[in-house]
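The next block holds one structure in the form of C-alpha cells; read it before the comments.
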C-alpha cells in the first residue's frame, strides 16, 4: 500500500523468510486527509512513537531528528481494501489460530478505513529527538536529494546534494492509519522502515502488527511480506 499504489510486483524470497516485493508504481487517486479521530489518537501516536524509537530504526550514524510525511498513506480510492496483492494486509501475515478472532476484527477495521488518510501533528510526539513533518514540497526536495546523480544538460550528470535541513535523519518515514481489533489489544500499520548503516542504507514498506502489553505496544513476528524500495 505505498502512497502511489502497486501496479506490478516481482516476488523474491529472502534468506530471513520474508517475501520482498520490488514494485513499479503509477499515480493513483487518494482521499483527502482529515483530522485523526479523537478515539484513535492516543493509541495511534503511541504506536508511531514505538516504531520510530525501536532499535531496528537506529543508525550507526549520528541522528538529530526524525523526518516524517505529514499525512498518513492509504489505499487508493479506486482499489479494494481486500485486494489480491501479497502486500494487502489480509495476505501479509501468518496469524496463530488462537488469535484469529482478534485478527478478523482488525481486518474488519481495515476494510472500513483502508482509504482513510489523516493529517499528523508533531505536538503529539514525545521523543528525545524532534519530529519534523514534511509536506509535499518538502518531500519532493528530500527525494531529489536522495538521487546519487542528477541531470544537468546534454547527458551530463553531477552528484546530488541533500539539503542541509534534512541532515541527521535516518530517512523519510511514513505511516498508514493504525487499524485495531474491537478492544484495542491488537493493531496494524503500514510503515516506511529505514535501514541506515554506513555500508547499507535503504528503506522499505513493511506491515507492523503489534499487541498491547502492560508496558506498551510490542511488535509481533507475524508479517511475511515487505515492499522493497531499494537503496539510497
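Once the Cα-Cα distance is subtracted from the 0.36 nm per residue extended length, the residue 100 to residue 115 segment shows a gain of 3.0 nm.
How would region 48-130 be classified by its alpha-carbon gyration tensor: rounded, prolate or oblate, with rounded meaning a/c under 1.5 and the a/b versus b/c comparison settling the rest? Cα axes put region 48-130 in the prolate bin.
Applying 0.36 nm per residue to the separation of residue 42 and residue 78 and subtracting their alpha-carbon distance, the gain on full extension is 10.0 nm. Neighbour counting of Cβ atoms within 10 Å sorts the residues 108, 137, fewest neighbours leading, into 137, 108. Counting neighbouring Cβ atoms within 10 Å and putting the fewest first, the residues 222, 205 line up as 222, 205. Potential lengthening of the chain between residue 35 and residue 213 amounts to 61.4 nm, from the contour at 0.36 nm per residue minus the alpha-carbon distance.
Computed from the coordinates by the stated procedures, all read-outs in this text should not be read as laboratory data. These numbers come from a predicted model, not from an experiment. No Cβ is skipped: glycine too gets one built from the backbone with ideal geometry, and neighbour counts run over all protein chains shown.
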